[in-house]
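The next block holds one structure in the form of structure tokens; read it before the comments.
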Amino acid sequence: MQRLNTTQFFKFLTLLLVGCAQFVTLAIADEPGATKLRVEVIAEPLDHPWSLAFLPDGRLLVTERSGQLRIVDDGNLSDPLANVPPVYAKSQGGLMDVVLHPDYADNGWIYLTLAHGTPSANATRLIRAKLAGDALSDVEVLFTAQPYKDTPVHYGARLAFLADNSLLLSVGDGFDFREQAQRLDNHFGKIVRLHDNGTTPTDNPFVDAVDALPEIWSYGHRNAQAIVVDPQNNLVFAHEHGPAGGDEINVIVRGHNYGWPIATHGRDYSGAAISPYTEFNGTDNPLLHWTPSIAPAGMTRVTSDKYPQWQGDLIVAALKSRELRRVTIGDNSIQQQSLLSDLGERIRDVRQGPDGYLYVLTDSAQGRILKLSVTH
């Protein structure tokens, strides 16, 4: 991927986030002249829903962090599908992302990430499987991050396919292993790139490097919680949790170092400094950082004509600040707007459906799938 200079980069980007409402029939603009959105409840209750994918027949697949994969069919929740591999469901760990292969209509592959293992030895794992009625079939383990860890947090676990059908997968730093994010002999704090069958592409940046794991695509991450591919402009965006502050949106470039924990705008939860540097030679600065933290979760890019003024915009879900976040990047400035805060709910994910509408997951033991539409 070619690295863009600042002028080229800003020409590619205009990011927006929008609207808010609390109930099915209520639409509230959060400032005068803002676009009004209506919120429709599609399905509930779900146990900490983490991700959703859209099947070609109009049904939804939704993961619950506690380990269930369900189908939503016209608002009805199925029983948990059989043959989902067991997960290590503790704290931030469990069943996480779900993404369909770009050629799903032809090959039927569904990709899932999960926390695998035990309290003393667990890791981010990637599997794929096929849907057979009310069960998964042909389950294959494609990747397990190395080494195993003994913490139930910072798994990363977000997926995105690139134009060549290879995929990117984020792996968190495990919280207690942050210094390992700067080393290339482990998967802590990395984004890895794999073929769709789990093998390693020969054009990955560190394939021929001594003492480097060949799957690594980028490094120096803390806990990347979204990856969004913009094929039109050949860009990849990812955002990640900082500690107390220092959440980031980055533009991901093959082989680049994103600084954690050498360079960060965040501080330790005790208030102690993590690093004296907010930027450091040889590392990429974030496009945007949030200090204090908003705890960004899912993210999507709007390409739909359902929101005609938002073409190319990124929509960011946020857990700690309980909102969607609108981020507008202009030629010389970045602007933000807080939306959906009226719901008062942690927001785990936001996706654009094949119908063009935005779908939101709320993060609780009574979680919901919400659909956002523009009112007139």
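Among the residues that make up the range 70-79, is at least one of them within 27 Å of Leu213 (Cα to Cα) and either at pLDDT below 95 or touching a Leu at 6+ places or on another chain (Cβ under 9 Å) (or both)?
First, pick out the residues of the range 70-79 that are within 27 Å of Leu213 (Cα to Cα): none.
Within the range 70-79, not a single residue is within 27 Å of Leu213 (Cα to Cα) and either at pLDDT below 95 or touching a Leu at 6+ places or on another chain (Cβ under 9 Å) (or both).
Tell me whether the range 343-351 contains one or more residues that are surrounded by fewer than 20 Cβ atoms within 10 Å (Cβ to Cβ) and either of a type in the set (Val, Ile, Thr) or touching a residue at least 24 places away in the same chain (Cβ under 8 Å) (or both). Reasoning before the result, please.
Step one: of the range 343-351, the residues surrounded by fewer than 20 Cβ atoms within 10 Å (Cβ to Cβ) are 344.
Applying the additional criterion that residues be either of a type in the set (Val, Ile, Thr) or touching a residue at least 24 places away in the same chain (Cβ under 8 Å) (or both) yields none.
Within the range 343-351, not a single residue is surrounded by fewer than 20 Cβ atoms within 10 Å (Cβ to Cβ) and either of a type in the set (Val, Ile, Thr) or touching a residue at least 24 places away in the same chain (Cβ under 8 Å) (or both).
What residue, of Val228, Val251, is of a type in the set (Val, Ile, Thr), under 20 Å from Thr113 (Cβ atoms), buried (at least 20 other Cβ atoms within 10 Å of the Cβ) and in contact (Cβ under 8 Å) with a residue 24 or more places away in the chain? So that I can check it myself, show each step before the final result.
Details: Val251 fails: under 20 Å from Thr113 (Cβ atoms).
When all the criteria are applied, what remains is Val228.
Which one is nearest to Gly174 (Cα to Cα) among residues in the range 219-272 that are under 19 Å from the mean Cα position of the chain (by Cα) and acidic (Asp, Glu)?
By that ranking, first place goes to Glu240.
Conditions first: (1) farther than 19 Å from Thr300 by Cα; (2) touching a strand residue (DSSP E or B) at 6+ places or on another chain (Cβ under 9 Å); (3) among the basic types (Lys, Arg). Arg158 passes all but one, so which condition is the exception?
Every listed condition holds for Arg158 apart from (1).
Among the numbered criteria (1) aromatic (Phe, Trp, Tyr); (2) at pLDDT 95 or above; (3) more than 23 Å from Tyr104 (Cβ to Cβ), which one does Phe54 miss?
Condition not satisfied by Phe54: (3).
Looking at Ala297, Ala263 in this structure, which one is in contact with a Leu (Cβ under 9 Å, 6 or more places away or on another chain) and either buried (at least 24 other Cβ atoms within 10 Å of the Cβ) or modelled with pLDDT of 95 or more (or both)? Can you show your working first?
Numbers: Ala263 fails: in contact with a Leu (Cβ under 9 Å, 6 or more places away or on another chain).
Answer to the selection: Ala297.
When you go through His116, His101 one by one, which is the residue that is crowded, with 21+ Cβ neighbours inside 10 Å and more than 19 Å from Leu361 (Cα to Cα)?
Details: His101 fails: crowded, with 21+ Cβ neighbours inside 10 Å.
Just one listed residue meets the conditions, His116.
Would you confirm whether any residue within the range 325-334 is more than 21 Å from Gly93 (Cα to Cα), surrounded by 16 or more Cβ atoms within 10 Å (Cβ to Cβ) and aliphatic (A, V, I, L, M)? Before the answer, list the steps.
Filtering the range 325-334 for residues more than 21 Å from Gly93 (Cα to Cα) gives 325-334.
Narrowing further to those that are surrounded by 16 or more Cβ atoms within 10 Å (Cβ to Cβ): 325-329.
Still in the list and also aliphatic (A, V, I, L, M): 327, 329.
The answer is yes, given that some residue of the range 325-334 is more than 21 Å from Gly93 (Cα to Cα), surrounded by 16 or more Cβ atoms within 10 Å (Cβ to Cβ) and aliphatic (A, V, I, L, M).
Tally up the residues in the range 307-335 that are touching a strand residue (DSSP E or B) at 6+ places or on another chain (Cβ under 8 Å) and free of Cβ contacts under 8 Å to residues at least 40 places away in the same chain, please.
Total satisfying the criteria: 5.
Restricting the range 155-168 to residues that are of a type in the set (A, V, I, L, M, F, W, C) and within 18 Å of Leu235 (Cβ to Cβ), which is surrounded by the fewest Cβ atoms within 10 Å (Cβ to Cβ)? If you could, list the steps in order and put the result at the bottom.
The first filter runs over the range 155-168 and keeps only residues of a type in the set (A, V, I, L, M, F, W, C), leaving 157, 159-163, 167-168.
With the extra rule that they be within 18 Å of Leu235 (Cβ to Cβ), the set shrinks to 159-163, 167-168.
Working: Leu159: 20, Ala160: 19, Phe161: 19, Leu162: 18, Ala163: 9, Leu167: 25, Leu168: 21.
Result: Ala163.
Return the pairs, sorted by first residue and then second, in which the second residue is at pLDDT 95 or above and part of a loop (DSSP other than H, G, I, E, B), the first residue lies in the range 184-207 and is of a type in the set (Ser, Thr, Tyr), the beta carbons are less than 6 Å apart, and the residues are 6+ apart or on different chains.
Pairs found: Thr200/Pro214; Thr200/Glu215.
Considering only residues of the range 119-154 that are in contact with a Phe, Trp or Tyr (Cβ under 8 Å, 6 or more places away or on another chain) and among the β-branched types (Val, Ile, Thr), which is surrounded by the most Cβ atoms within 10 Å (Cβ to Cβ)?
Thr124
The values are calculated or read from the model by the stated rules, or taken from the named source; none is laboratory data. Predicted, not measured: the structure shown is a model, and the values here were computed from it. Every residue, glycine among them, receives a Cβ derived from its backbone with ideal geometry; neighbour counts consider all protein chains shown.
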